[in-house]
Amino acid sequence: MNQRGFAKIVLIVVIVILAGVGTYFALVKKAEPVKPILSQNKFLTYSNEELHIAFQYPDNFKVYNANKDELRVESDYKKEGALGASIGMNITRINTAPESITDLDKRLELKYSSQGRQIQKEVENHGNYQIVKYSGGEIYLVSQKDTFYIGNSLNLYKASLSQEQFTDYRKKFDAIMGSIIIK
């Protein structure tokens, strides 16, 4: 093959590559930024007389009784390709008798000591109940009537969410927690 034929082949390959790159950038849309989820929601009120609890939740979430002592607040998130995988929050009544924070400490002391950790907690007063957040991630609501355990599956999906989505769901769960009323 002579040099002139080789140059034509190289030129055709370069033109095809440039056309392909140009077409790619022309057809691929830039990702639009994710809008904050929290600001798009209206909040509804849920009340359960048997559990003596009420709270507000985003209108695109669902609330249902998992059993007589447990509520499930289900988000709108569904993991693609994983049937039944969703982000939710459980509110479970674990004690119907008055319980103190000292009682909770004693209950968790064994668990923490077996892991070589000491109990560390943060207590927030909310009128007729207290929210107790332990360093291991456990969250309890303690009132004169009931003690509730609060759990959520948000951290299980952290790797599947953008930082902005994770933060928006975290704000939603915090808003639910902040709106709880123990009757």
In nm, give the distance between the simple-model label positions of Glu124 and Glu164, each being 7 Å from the Cα along the Cα-to-Cβ direction.
2.5
How far apart, in nm, are two points set 7 Å out from the Cα along the Cα-to-Cβ line at Asn65 and at Lys8?
8.3
Among 165-175, 56-66, how do they line up from the highest to the lowest mean number of other beta-carbon atoms within 10 Å?
165-175, 56-66
Most exposed to least, judged by fewest other Cβ atoms within 10 Å, Thr147, Thr45 sort to Thr45, Thr147
Please give the charge dipole size of the stretch 38-182, origin at the Cα centre, charges +1 on K and R Cβ atoms and -1 on D and E Cβ atoms. Round to the nearest 20 debye.
280
Simple spin-label estimate for Lys42/Thr102, 7 Å along Cα→Cβ, in nm, reads 4.8
With +1 on each Lys and Arg Cβ and -1 on each Asp and Glu Cβ, how big is the dipole of the stretch 38-77 about its Cα centre, in debye rounded to the nearest 20?
120
Give the residue from Ser162, Gln144, Gly178 lying farthest towards the positive end of the charge dipole for the stretch 141-183; charges sit on Cβ (+1 for Lys and Arg, -1 for Asp and Glu) and the dipole is referred to the Cα centre.
Gln144
Report the per residue volume, in Å³, of the convex hull enclosing the C-alpha atoms of the stretch 38-182.
133
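Since every read-out is calculated from the coordinates, none of them should be taken as a lab result. All values derive from a computational prediction rather than experimental measurement. For neighbour counting, all protein chains shown are included, and Cβ atoms are generated from backbone atoms with ideal geometry for every residue, glycine included.
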